[in-house]
Each structure stands twice: as structure tokens, then as C-alpha cells.
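The structure follows.
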Amino acid sequence: FILIQFLYMLFLITFLINAFYKISLNFAAKKDNTLILNLLMKSFRINVLNETIFAYCSKLTQIKLPQSIKLIGNRSFKNCSSLKEILIPSSVKTIREYAFNECSSLGRVLFEENSSLKLIEDGSFCNC
């Protein structure tokens with residue numbers, strides 16, 4: 001019984017940390033607080049940008065993705081209309097469909113040397 005309680009508490013803590021992380025990232029992106037956003041990205045050592053995590057963050061102008069990122073999810077940056085440039089770390093293996101869809105100000109997409117990129121899905125940079 002104690003083990004079940006412990007596992008439940010561990011699950012609950014993990015769930016709350018993940019929820020806080022997603023809300024914090026999205027809030028920082030919506031306010032274009034680049035310093036906080038980059039600090040959060042480093043602190044959590046994430047390897048997947050979840051679907052729509054930064055979608056419609058119209059004030060986001062730049063972001064530095066950490067080396068831990070392996071996958072950029074569907075519509076992760078959809079309609080980030082002020083995003084001008086992004087550097088894709090060499091650790092990224094997949095960019096899912098419509099990841100940067102409708103990023104109308106996106107003028108430069110840079111890929112780090114020795115990129116691990118294997119797949120850019122359809123529409124990833126559609127309407128940019």
C-alpha cells in the first residue's frame with residue numbers, strides 16, 4: 001500500500017511539474033520574454049517540443065532551442081507571426097508537419113553543423 005501511495009505521489013508531482021513547465025513556456029512565449037523562455041528551456045532538459053506548445057504566440061520574435069531537443073512537434077510554432085529566425089540544433093531528428101506553419105515573418109531557418117535531421121514532414125514551413 002505504501003508503494004502504491006509513493007508511486008501515486010510521484011506521478012502527481014511529475015504531472016504538476018509538466019503542467020507548470022508547459023504553462024510557463026507558453027506564458028513566456030506570449031510575452032516574448034526571451035530570457036525566461038531560454039532559461040526554462042535549459043532547466044527542464046526537454047527533448048520533445050509538444051504539439052502546439054508555442055502556437056499563436058504572436059509576440060515571440062526569437063527562441064534558442066537547447067541541444068536536448070530531438071523532435072519539433074506538429075504545429076509547435078504555428079502562426080508565430082513575429083518569429084524572424086530560428087536555429088535548429090544539431091540534435092533535432094524530426095520536424096513534424098506544420099511545425100512552423102504561417103510564421104509569416106520567418107526569414108531565416110538555420111541548421112547547426114553536423115545535423116541529425118532525418119525528416120522534415122509535409123507543410124513544416126508552409127505559408128512562411
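Starting from 0.36 nm per residue, how many nanometres of slack lie between residue 61 and residue 84 once their C-alpha separation is accounted for? List each step's numbers first, then the result.
Values: separation 23, 0.36 × 23 = 8.28 nm, distance 0.58 nm.
Extra length available between residue 61 and residue 84 comes to 7.7 nm.
Quick one: what are the phi-derived ³J(HN,Hα) couplings along segment 109-115, Karplus 6.51/-1.76/1.60 with θ = phi - 60°, whole Hz, x for glycine and proline?
10, 10, 10, 5, 4, 6, 4
Each reported figure results from applying straightforward, stated rules to the coordinates on display, with no laboratory input. Treat the numbers as computed from the prediction; the structure is a model and nothing was measured.
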